[in-house]
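Engineer: Before we start, here is the structure in question, set down as structure tokens.
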Amino acid sequence: MSHFQIEAWLASQSQRAENALLHYLDSESSTPEQLHKAMRYAVLGGGKRIRPLLVYAASELRPKEMLDQALVDTAAAAIEMIHAYSLVHDDLPCMDDDDLRRGRPTVHKAFDEATALLVGDALQTRAFEILSNHHESDSPQMIAMRLAMIEALALASGSKGMAGGQAIDLQHVGKKMDLPALEQMHAMKTGALLICAVQLGGIAAQVSKEDLKSLHSFAKALGLAFQVVDDILDATADSATLGKTAGKDAAQDKPTYVTLKGLDYAQELAKELKGRALNSLSQFGPEADALRHLAGLVVDRKK
């Protein structure tokens, strides 16, 4: 790797993501106030911002002066809104029934269940609203890029992606699941949005089809690694460190990489997947350094 300053990059791009989200979220004084307050609570309450960071990192495959930075910011905000909506719904009593998220009460605890349901609905539609919000002066190429982004995000969010993975997860509480089935579930539930984040950056950078395939391979390995590390942390870390309820998978008798194959296997698999992700970027030069460092952060994280 080159002398890429990951700490400086993370600080600037994380702030960039926050600014984009602040720009696209309605103020608490907008009617209906309670809903907009709860939406801001759900989105702006911290988080690793892995998905916006992946959008930004993938967009850097093209020189900055050749990018439409506003479109990149829109994509970063849109995918984080989808992610935030999924967490709000995931925490509901009818799903995972959790009281803690990012170290504070979940949305249905801070507000109420009906508001939490509407927060998810509104964040999902807001994501597609901002991506589709084009200007009359936009070129046909720009409109095509927006459409490609909308299609990618819709596919990653729906029944063949995140929502489908969540459905499979709920169906297998207390039931046996083999390793291929577990991998498929996580490829949908967690991996689909991570792949989409890299796709969105690649679309903004107008990379070639071959480069998009490499990005897909990178993000597929990274998405699985992300979930394996989640399983490891759920089994080994405490709630204060995680900012959410630890040990919940075991308590709910959910199949995980740790429960299926053991902690040592899961830790080795995470390392292997990190290597696979990095190998997928071998054709790129220093322009992919942000992606390389993000892979390391995902696998080596402690919460």
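We did not get these values from a lab; they are worked out from the coordinates using the rules stated. Fair warning: this is a prediction, and the values are worked out from it, not measured in the lab. For neighbour counting, all protein chains shown are included, and Cβ atoms are generated from backbone atoms with ideal geometry for every residue, glycine included.
Engineer: So, with +1 on the Cβ of K and R and -1 on the Cβ of D and E, and no other charges, what is the size of the charge dipole of the chain about its Cα centre, to the nearest 20 debye?
Structural biologist: In total the dipole reaches around 520 debye.
Engineer: Can you run the Rg to Rh ratio on region 119-278? Use alpha carbon positions and the Kirkwood inverse-distance Rh.
Structural biologist: Here Rg/Rh amounts to 1.03.
Engineer: Determine the gain in length on full extension of the stretch residue 15-residue 125; use 0.36 nm per residue of separation and subtract their C-alpha separation, reporting nm with one decimal.
Structural biologist: Length gained between residue 15 and residue 125: 37.2 nm.
Engineer: Moving on to the next point. Please give the FRET efficiency for residue 27 paired with residue 102, using the beta carbon to beta carbon distance and R0 = 30 Å, rounded to the nearest 0.05.
Structural biologist: 0.90
Engineer: May I ask you to sort 41, 56 by Cβ crowding, counting other Cβ atoms within 10 Å and putting the fewest first?
Structural biologist: Ordered from fewest to most neighbouring Cβ atoms within 10 Å, 41, 56 come out as 41, 56.
Engineer: Among 284, 4, what is the fewest-to-most ranking by other Cβ atoms within 10 Å?
Structural biologist: 4, 284
Engineer: Within the P(r) computed for the chain, what percentage of the Cα pairs occupies the region above 37 Å?
Structural biologist: 11
Engineer: Most exposed first by the Cβ proxy, i.e. fewest other Cβ within 10 Å, how do 43, 88 rank?
Structural biologist: Result, fewest neighbours first: 43, 88.
Engineer: Okay, moving on. Show me the ranking of peptides 160-166, 23-29 by mean Cβ neighbours inside 10 Å, starting with the highest.
Structural biologist: 160-166, 23-29
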